[in-house]
1. For region 1-156, what is the convex hull volume of the alpha-carbon atoms per residue, in Å³?
2. Just to be sure I follow the rule: in the chain, considering lysines 8 or more places apart or on different chains, how many pairs have Cα atoms under 23 Å apart?
3. Can you tell me how much longer the chain between residue 144 and residue 50 gets when fully stretched, taken as 0.36 nm per residue apart minus their C-alpha distance, in nm with one decimal?
4. Using amide H atoms built in the peptide plane, which far-off residues or other-chain residues are under 5 Å from residue 55 H to H?
5. How would you order 34-42, 75-83, 51-59 from highest to lowest mean count of nearby Cβ atoms within 10 Å?
6. Would you please put 133-140, 64-71, 154-161 in order of how densely packed they are, using the mean number of other Cβ atoms within 10 angstrom per residue and starting with the highest?
7. Report the net charge of residues surrounding residue 141, where surrounding means a beta-carbon distance below 12 angstrom and charges are Lys +1, Arg +1, Asp -1, Glu -1.
8. Considering all alpha-carbon pairs of region 60-140, what whole percent are spaced by more than 22 angstrom?
Amino acid sequence: MFVNCKDNMPQLLHYTLNTDNTFDCSNKQYQPETLKLLHPIAARAILGGKAEDPLPYPFEDYTVNTTVDGECAMFDVRESSITLTSNAVVWSHTKQELCWELFEHLYLNLMGECRTIPRTPHMPNTVPWLATITMPTLGAAVSWMADFEQCFAIALIEASTGKSYA
């Protein structure tokens, strides 16, 4: 069984800054079991403001390092000490501008370090949104990373708001 967020959740936009690709997640289906596995990780980050946790099996070689401030969070997915993606998720207009400003600054700095000409990012005009920066180190994890990022964003939103989108 899958969770279709279309009827329950506001439109979650997943915007990848390096590719300028935007994906509307509201029609995507997620397994409730997956969200249930991620809820404790999200709740720890929200309660403590910060957390670093291994991902559930079979991805236990990866970690998610999360910082939460009000209705926004930033999280990195890592393999060992290597960052594969950096992400920001916002579910309220309250911190949207500040979160975007910090994430855009991170993106422009990273692209400068990689000697890559960055695209000019634009903040999504609706909330909730998930923004991602993919690193050149992503490798084989590319096959599942977007699904994880989206599921973890939903878990963070659910843990923060107390609403279930399942």
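1. Working: hull volume 17.0 nm³, N = 156.
Hull volume normalised by residue count: 109 Å³.
2. So the count works out to 10.
3. Working: separation 94, 0.36 × 94 = 33.84 nm, distance 2.39 nm.
Extra length from residue 144 to residue 50 when fully extended: 31.4 nm.
4. 62, 63, 64
5. Numbers: 34-42: 18.6, 75-83: 16.1, 51-59: 14.4.
Taking the mean over residues of other Cβ atoms within 10 Å, the ranking is 34-42, 75-83, 51-59.
6. Values: 133-140: 14.4, 64-71: 18.9, 154-161: 22.5.
Answer by packing, highest mean first, reads 154-161, 64-71, 133-140.
7. Values: positive: 78; negative: 61, 79, 147, 149.
So the surrounding residues net to -3.
8. Numbers: 862 of 3240 pairs.
Summing the P(r) tail past 22 Å for region 60-140 gives 27 percent.
Each reported figure results from applying straightforward, stated rules to the coordinates on display, with no laboratory input. The structure presented is a predicted model; accordingly, all values stated were derived computationally and were not measured. Don't worry about glycine lacking a Cβ; one is built from the backbone with ideal geometry, like all the others, and counts go over all protein chains shown.
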